[in-house]
Amino acid sequence: MMAWLGRLLSRPGLEEKMDIAYLGSSSSDGAMYDIWDAPALHTIVDPVSKEREFIIPPPQTNPSLSPEARYVFTLALDGFNPFQNKEAKQTVTTTAIYMSCLNLPPHLRFLPENLYLVGIIPGPHKPSLEEINHALKPLVDELVVFYDSGVLYTRTAKYARGRHVRGALGPLVADLPAARQTAGFASISAKLFCSCCYLELDDIENIDQATWRKRSGEKHKKHANMWKAAQTQKDRDKIFKKYGVRWSELHRLSYWNPVYFTVVDSMHNHYLGLLKDHCRTIWGMNVKLEDNDNAFAGQGSTIRVVPEPSESAMADGWRRLQERDNLFECSKAVLWHLCTRLSLRRPKLNKKYLVKELLAWRSEKEYVLPADATDLLARVSSPGAAMPNNNSNDTGMRVPSVHETEKAEASLWNAQPLTKYRLDVLRKLCEMHSLSLDGTKALLSERLLTWRSKQSHEAVSKEVAAATAASRPTKEAIRHAVLGQSTLASIQADMARTILPSWINPAPKDIGSKQRGKLSADQWRTACTIHFPITLIRLWGGEADKQDMLHNFLSLVSAVEVAGMLVISKEHIKVHQKAIHSYVKTLKALHKEAVIKPNHHLAFHIASDFLPNFGPLHPIRAFHTERHNFMLQTINTNMKFGELELTYLNTTCRAANVQALLQDNQVREATAELIATYEDVHYEDRRGTRIREAFIQNNRDVEITGRDNNILSPDILDRLVRFLNCEAGEETYVNIRDGIRSPGHVQVTDDMSICSHVALRGVSYKSDGMSPRDSNIIFRRSSDLPSEAGRIKMMFRHSRSHGKSHIEEIFLVVERLVELTRNDVKYDPYRRFDWVGGRLCYDRSDPDVMIIRPRHIVSHFARTSMTVPGISTGCIHILPLDRMLHFSEQLENEAAK
């Protein structure tokens with residue numbers, strides 16, 4: 001680590017950026033642009049003066065000495081298949097450990113040349129707790145030195161006489177299993193599954209955050225030390241079971257709060273968790289299945305089927321529910337079917353859960369049994385019918401329940417020991433089979449098994465099958481899905497008509513097919529936030545029976561998109577909290593068998609703990625580790641564990657050093673051809689979140705690539721003059737072709753040069769002739785005007801003289817799409833969903849082209865042609881691709897109202 005940081009500090013220009021990071025964005029709007037604008041890093045205390053913040057450098061008391069540097073780092077762990085296997089079910093895993101410096105600006109922070117590959121934990125399996133601690137120990141040793149005493153570098157790029165540097169560890173970024181192991185928490189399947197609170201797994205459906213008891217870092221370390229000090233494994237197991245905590249090497253860092261800094265990675269939680277789970281599990285996305293809006297996919301390719309209990313068993317269940325008798329005496333099948341008839345949640349076949357749901361229903365003031373339940377009770381209770389009863393009979397002996405009797409009957413036909421059942425249960429079986437009721441448990445058991453041995457083979461087989469079917473749930477293949485053949489065909493057809501800019505990582509065209517296999521987080525984001533809303537709003541927007549499903553899904557899309565914003569404010573956090581609460585609440589109500597998973601619970605913590613404390617999530621999510629794991633997979637190795645790890649480390653270190661060297665302008669000029677070849681070989685996919693997170697810096701920076709000189713057409717020149725005069729607020733500029741020469745007027749010439757593209761905030765915009773995909777834009781001419789959609793027809797650089805000044809500027813010629821009329825707006829199903837749904841325009845452009853500046857561009861948009869019932873002409877669906885800017889615009893408009 002010391003050597004890696006030394007290499008960073010030896011590169012010109014980086015040190016200046018790193019030293020001012022703690023100042024944050026200094027924005028006056030209260031929004032958080034990066035982690036430095038949030039409270040999290042300010043909680044790390046100074047090692048000398050505990051009242052000071054660590055991130056603020058100490059005052060420089062000796063002018064002859066260089067100022068002390070204070071840097072904060074992230075730690076990330078992520079596993080990958082070193083054999084480049086693309087199958088979803090990996091059988092081999094190697095774990096990479098990464099570090100990055102948060103003091104670097106966001107657009108430089110996760111570049112390959114700036115990332116530190118700490119080490120590779122060999123496979124073929126995921127590392128155990130002990131193996132992770134063994135790998136972390138050397139790193140923690142260095143981190144202790146960096147924080148306690150600091151490191152003296154004898155020379156840096158900025159300070160020739162060297163400087164003293166202190167460093168501290170900040171967020172731990174990893175998927176749930178790796179984060180739990182690294183920080184010493186229990187796994188997500190444990191009783192205490194959450195790293196932020198003490199909510200128990202059995203109570204995971206509780207979404208009232210006021211009832212969640214929060215964890216504290218101090219207690220976590222205390223219990224971890226107790227675990228470490230325990231003398232036996234049995235004592236350690238007791239501590240772990242009670243507190244859900246183990247010892248981790250990271251606990252040696254005195255300042256590091258494991259509860260606070262073990263972040264929930266939103267890439268795995270939102271994209272590979274909630275979005276994927278909703279499509280795959282809740283909606284059963286599969287192109288081979290038929291559509292059924294009421295289908296529930298369950299898990300994988302099968303769904304649980306709970307056999308229908310006997311009438312007597314169901315009648316016993318209804319009676320117990322009505323009288324609040326001991327429902328635990330009923331079988332799971334009875335409880336499950338009671339919940340089904342009452343439309344109660346039944347995500348798992350668990351007695352405790354099902355009884356809790358039933359009793360909560362029974363506690364309602366105006367409960368009413370279903371009509372068929374009332375009929376069943378009347379029929380079973382009629383003369384000649386045996387009404388189940390758990391109370392004592394006339395002789396004072398307890399009468400076994402229907403469930404107990406059926407369970408014992410199943411054991412009898414399966415020739416299993418019967419002595420585990422009570423005497424009254426065995427007497428009931430003897431009575432059913434016309435056997436003597438006299439004798440002890442042992443005699444009755446022997447009598448029943450002897451009777452069973454005398455039955456014919458056919459009769460035994462039939463009864464065994466019936467008893468097994470009546471007592472055990474089965475699994476059947478899924479035959480229907482919400483996202484089945486028809487819906488997926490519509491989605492795929494819309495995808496084919498949708499034009500996306502080149503920087504978007506597209507979803508696969510055959511999405512939903514088995515051949516497609518695993519999707520990346522970026523692909524899930526594109527599919528669920530772009531393609532699915534476009535089609536589902538069109539298909540379901542006018543159907544009353546699908547409105548709830550649509551609103552539920554779009555609540556999830558809203559929550560995920562707001563959380564993924566590059567700039568976060570308190571208002572945005574409130575919207576995200578409301579959206580995620582609405583999603584989980586309506587999910588429980590709509591899909592009674594849907595399992596609420598740890599990801600759903602942890603999404604609440606992202607909303608309430610991590611967004612307010614860490615700001616925008618881009619510094620604390622795992623996209624960069626996924627990208628670098630992919631780059632590791634492309635390295636040629638001998639595929640031998642114990643050797644390939646060193647190949648990864650050496651190759652990565654060399655590549656980082658070369659890439660850093662190639663950033664030098666003099667080197668680039670001397671090796672231009674070599675650099676082009678090198679970049680082709682060492683290609684990094686910069687689409688999707690890679691480029692989206694890279695352009696948050698230098699918000700107004702414009703890069704232009706120009707062509708040869710040219711002449712503006714008379715029409716465009718006239719429009720340029722009118723545009724400049726409109727901006728000036730007076731008739732200052734005149735067309736040179738008009739021949740007007742008078743004091744106070746500035747002639748605008750027709751000389752210009754065509755721009756091949758304009759790079760604005762890292763995104764490349766091009767004209768329609770150069771790249772139709774990159775020409776579709778949302779633009780806003782002024783803050784008091786609404787945003788508009790159009791297509792760039794031309795981009796040009798123009799020069800003019802104003803007094804003694806020479807002005808050179810970039811202008812864009814844009815064709816606006818025609819907005820819907822008031823009569824047709826009512827047929828637009830998308831506008832009801834605000835920025836999540838986008839809007840429709842006519843599939844034609846206003847012939848009156850406009851002149852705008854690059855700063856007027858808001859974003860690209862996804863362009864989908866479609867026909868809409870009620871609208872006589874073709875339409876274009878407009879979906880902004882940096883919708884957060886439009887969302888911010890919406891908040892501004894609401895605030896103004």
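In the list His605, His531, which residue meets the criterion of being part of a helix (DSSP H, G or I) and more than 23 Å from Thr498 (Cβ to Cβ)?
The conditions single out His605.
So Pro124 fits all but one of (1) in a loop (DSSP other than H, G, I, E, B); (2) touching a strand residue (DSSP E or B) at 6+ places or on another chain (Cβ under 6 Å); (3) open to solvent by 20 Å² or more (accessible area, probe 1.4 Å); what number is the exception?
(2)
Test each condition in (1) in a helix (DSSP H, G or I); (2) surrounded by 19 or more Cβ atoms within 10 Å (Cβ to Cβ) for Lys242 and report the one that comes out false.
With (1) in a helix (DSSP H, G or I); (2) surrounded by 19 or more Cβ atoms within 10 Å (Cβ to Cβ) applied to Lys242, the lone miss is (2).
Sort out which residues of segment 87-121 are in contact (Cβ under 8 Å) with a residue 40 or more places away in the chain and open to solvent by 30 Å² or more (accessible area, probe 1.4 Å), and write them in order of number.
Of everything in segment 87-121, those that are in contact (Cβ under 8 Å) with a residue 40 or more places away in the chain and open to solvent by 30 Å² or more (accessible area, probe 1.4 Å) turn out to be Glu87, Ala88, His107, Leu108, Tyr116, Val118.
Being within 14 Å of the chain's Cα centre (by Cα) and closer than 30 Å to Ser28 by Cα, is that true of even one residue in segment 593-604?
Among the residues of segment 593-604, at least one is within 14 Å of the chain's Cα centre (by Cα) and closer than 30 Å to Ser28 by Cα, which makes the answer yes.
Name the pairs: first residue in segment 8-36 and touching a residue at least 60 places away in the same chain (Cβ under 8 Å) and under 17 Å from His107 (Cα atoms), second residue among the hydroxyl-bearing types (Ser, Thr, Tyr) and part of a helix (DSSP H, G or I), Cβ to Cβ under 9 Å, at least 6 apart or on different chains?
Once the first residue is touching a residue at least 60 places away in the same chain (Cβ under 8 Å) and under 17 Å from His107 (Cα atoms) and sits in segment 8-36, its partners that are among the hydroxyl-bearing types (Ser, Thr, Tyr) and part of a helix (DSSP H, G or I) give Trp36/Tyr22.
Starting from residues that are closer than 30 Å to His551 by Cα and without any contact (Cβ under 8 Å) to a residue 12 or more places away in the chain, keep the ones in segment 792-850 and report whichever is surrounded by the fewest Cβ atoms within 10 Å (Cβ to Cβ).
Checked segment 792-850; the qualifying residue surrounded by the fewest Cβ atoms within 10 Å (Cβ to Cβ) is Arg822.
Would you please name the residue that is nearest to Asp19 (Cα to Cα), looking only at residues in segment 157-183 that are open to solvent by 10 Å² or more (accessible area, probe 1.4 Å) and assigned to a loop (DSSP other than H, G, I, E, B)?
Within segment 157-183, the match that is nearest to Asp19 (Cα to Cα) is Lys158.
Considering only strands (runs of 3 or more DSSP E) fully contained in segment 790-858, which possess at least 2 residues that are among the β-branched types (Val, Ile, Thr)?
Where strands (runs of 3 or more DSSP E) fall fully within segment 790-858 and carry at least 2 residues being among the β-branched types (Val, Ile, Thr), they are 805-819, 850-852.
Here are some residues: Asn294, Asn286. Which one is open to solvent by 10 Å² or more (accessible area, probe 1.4 Å), modelled with pLDDT under 85, closer than 18 Å to Phe553 by Cα and not small (Gly, Ala, Ser)?
Sole residue among the options that is open to solvent by 10 Å² or more (accessible area, probe 1.4 Å), modelled with pLDDT under 85, closer than 18 Å to Phe553 by Cα and not small (Gly, Ala, Ser): Asn294.
Take segment 5-46 and flag every residue that is part of a helix (DSSP H, G or I), over 30 Å from Asn665 (Cβ atoms) and not aliphatic (A, V, I, L, M).
Asp37, His42, Thr43
Can we say Leu349 is outside the structural domain of Asp203 (by the TED database) and at pLDDT 90 or above?
No, not satisfied.
Only residues that are more than 12 Å from Leu817 (Cβ to Cβ) and open to solvent by 10 Å² or more (accessible area, probe 1.4 Å): list them for segment 857-878, please.
Step one: of segment 857-878, the residues more than 12 Å from Leu817 (Cβ to Cβ) are 857-860, 862, 864, 866-873.
Selection gives Val858, Met866, Thr867, Val868, Pro869, Gly870, Ile871, Ser872, Thr873.
What are the residues in segment 717-771 that are open to solvent by 20 Å² or more (accessible area, probe 1.4 Å), assigned to a helix (DSSP H, G or I), within 19 Å of Arg816 (Cα to Cα) and in contact with a strand residue (DSSP E or B) (Cβ under 7 Å, 6 or more places away or on another chain), if any?
Within segment 717-771, Asp718, Arg719, Phe723 meet the criteria.
Let's see how each residue does on (1) more than 57 Å from the chain's Cα centre (by Cα); (2) modelled with pLDDT of 80 or more; (3) in the same structural domain as His860 (by the TED database); (4) closer than 24 Å to Ser310 by Cβ:
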site: Val402; (1), (2), (3), (4): no, no, no, yes
site: Arg422; (1), (2), (3), (4): no, yes, no, yes
site: Glu431; (1), (2), (3), (4): yes, yes, no, yes
site: Ser434; (1), (2), (3), (4): yes, yes, no, yes
site: Arg447; (1), (2), (3), (4): yes, yes, no, no
site: Ser461; (1), (2), (3), (4): no, no, no, yes
site: Pro473; (1), (2), (3), (4): no, no, no, yes
site: Val482; (1), (2), (3), (4): no, yes, no, no
site: Ser490; (1), (2), (3), (4): no, yes, no, no
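Mind checking which residues of segment 322-368 are in a helix (DSSP H, G or I) and among the aliphatic types (A, V, I, L, M)?
Initially, segment 322-368 is screened for residues in a helix (DSSP H, G or I), giving 322-323, 327-329, 332-341, 351-362.
If the condition is that a residue be in a helix (DSSP H, G or I) and among the aliphatic types (A, V, I, L, M), then Leu327, Ala333, Val334, Leu335, Leu338, Leu354, Val355, Leu358, Leu359, Ala360 are the ones that fit.
So, in segment 565-584, of the ones that are among the polar types (S, T, N, Q) and in a helix (DSSP H, G or I), which residue ends up most open to solvent (accessible area, probe 1.4 Å)?
Gln577
The values are calculated or read from the model by the stated rules, or taken from the named source; none is laboratory data. Quick caveat, the model's predicted, so the values are computed rather than measured. When we count neighbours, we look across all protein chains shown, and the Cβ atoms used for this are built from the backbone with ideal geometry, even at glycine. For accessibility, only protein heavy atoms count, side chains too; no ligands or nucleic acids. Shrake-Rupley method; radii C 1.70, N 1.55, O 1.52, S 1.80 Å.
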